[in-house]
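The values are calculated or read from the model by the stated rules, or taken from the named source; none is laboratory data. Computed from a predicted structure; not experimentally measured. Note that each Cβ is placed from the backbone with ideal geometry, even for glycine, and that neighbours are counted across all protein chains shown.
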Amino acid sequence: MASPILPIRELPGHVGAEVTIRGWVTKSRRKGKIAFLVLRDGSGLCQAVASVRDVDEATFALMDALEQEASVRVTGIVRADERSPGGVELGLRTLEVVGRSGDYPITPKEHGIEFLLDHRHLHLRHRRPWAIMRVRHEIEQACRDFMYERDFVLFDSPILTPAACEGTSTLFETDYFGEPAYLSQSGQLYLEPAAMAHDRVYCFGPTFRAEKSKTRRHLTEFWMLEPEVTWIDLDGVMQLAEELLGYIVARVLDRRAEELRVLERDTARLESVVPPFPRLSYDEAAEILVRPENVEKARRQNAPPFTPGDDLGAADETILGEMHDRPLMIHRYPTAVKAFYMEPDPERADRALCVDVIAPEGYGEIIGGSMRIHDPELLEQRIREHGLPAEAFRWYLDIRRFGTVPHGGFGMGLERVVAWICGAHHLREVIPYPRTIQRLYP
Ligand code: 4AD
Ligand code: MG
């Protein structure tokens, strides 16, 4: 009878049995009369071992000659082995090569990040990207589950759009049968009408920004989770944001412990991420940033000094974020530095009912959200003040003309959250095929 084909992860349950595994060679080595292969499949790693006495001469020679990433079918006996991953190794009996691997470019020596990104299609097989993509997958699933459990309706927004949502300076323009069209910067404008139909909606998809800034926090194509809710207030928006982040972190800690171990993530720093999160108004944050010790901190990072009234820069976010062991929610920024659609604070018209959630450990803004202007005249005025083309927003104004209600929501940058949870320095590591100002390949 043929031996059962198993994923590597399941080997520990089959000690003593003969099994077949299918995968790739990550290492081969020989020590005198014993040859070793470290094998990898989608589920994990294991070591296969044979001595000259166990196999024929050709197999023994082949074990030694196989290149990194050659694909193989291997049959052998599962043996308990304390020192091996999962506590087992495979006593190799037969070895069938499916595909040789010539001069595989990513060798065990250190490579620069640009080299690895040029070979992203191959690098994805390696341990660190493997772990990061699984954490990303878990976070995406957690987002969908969270939204589903809370009765949010998934509402896909379009990618090709006639108008800007988040400012005209980062629009990607394409030719749409002779008319300009823009790749979506956010699904928000399309979710607001959907919220009027379903009360609680969300979209989760790719968004695009022609970011000219080369920073570790910016991609030109990134994914955003965007909930939108009717009859909510700013406190409700903040509560939804902290519950979502708490849910995501708990889920990854629970289900992706192995991946976090591969990434050498200090999980103690994630265990504290439990709501409620600290909240600061922009004005309170500004008061902290102008303290001499913080002015000095910004200067040491070569960052421009913070001026009250301005938007927070990356260094300012880092300084504030590092003061807390969980995400920090900064609310009520000056309307002048925020998007056209944000509702002004009724207590102070030059402040917007908005919130940015800043991750700890220097990962910056992971969520941006607000209440939306629901008064038609004010919204029209803001569209004009921001120099936006009124015609392209006619439909958006209809939402205020026909049964307007208070509503709000936010956008969570998926890659910012994945980078923070994985402890990855740069966003380009946490999206399968990163797109930045300098990269459109592979
Ligand atoms: O703060 P932003 O610009 O908000 C919006 O787009 C709203 N329309 C969302 C809404 O209310 N429905 O972007 C939201 C989040 C940011 O907090 C950040 O995490 C992420 O998207 N983000 C980026 N991530 C990677 N690369 C970029 N270039 C990003 N720009 C924003
Ligand atoms: Mg923002």
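Of note:
- Entry remark, segment 346-358: residues being crowded, with 24+ Cβ neighbours inside 10 Å, more than 9 Å from ligand 1 (Cβ to nearest atom) and in contact (Cβ under 8 Å) with a residue 60 or more places away in the chain number 2 in total.
- In segment 154-169, the qualifying residues are those that are more than 22 Å from the chain's Cα centre (by Cα) and outside any loop (DSSP other than H, G, I, E, B), and the one that is farthest from SER186 (Cα to Cα) is SER169.
- Selection count, segment 102-151, where residues are assigned to a helix (DSSP H, G or I) and under 16 Å from LEU263 (Cα atoms): 14
- Residue in segment 414-423 that is part of a loop (DSSP other than H, G, I, E, B), away from ligand 1 (no atom under 16 Å from the Cβ), modelled with pLDDT of 95 or more and touching a Leu at 6+ places or on another chain (Cβ under 7 Å) present: yes
- For segment 259-299, a tally of residues being in contact (Cβ under 8 Å) with a residue 12 or more places away in the chain, over 29 Å from ASP235 (Cα atoms) and either assigned to a helix (DSSP H, G or I) or among the charged types (D, E, K, R) (or both) returns 8.
- Any hit, segment 183-198, residues being closer than 18 Å to GLY167 by Cα, more than 10 Å from ligand 1 (Cβ to nearest atom) and not in a helix (DSSP H, G or I): yes
- Residues satisfying the stated conditions in segment 366-387, i.e. buried (at least 19 other Cβ atoms within 10 Å of the Cβ) and either within 16 Å of ligand 2 (Cβ to nearest atom) or part of a loop (DSSP other than H, G, I, E, B) (or both): ILE366, ILE367, GLY368, GLY369, SER370, MET371, ARG372, ILE373
- Test for LEU328: is it in contact with a helix residue (DSSP H, G or I) (Cβ under 7 Å, 6 or more places away or on another chain), closer than 19 Å to GLY413 by Cα, at pLDDT 95 or above and more than 16 Å from ligand 1 (Cβ to nearest atom): no
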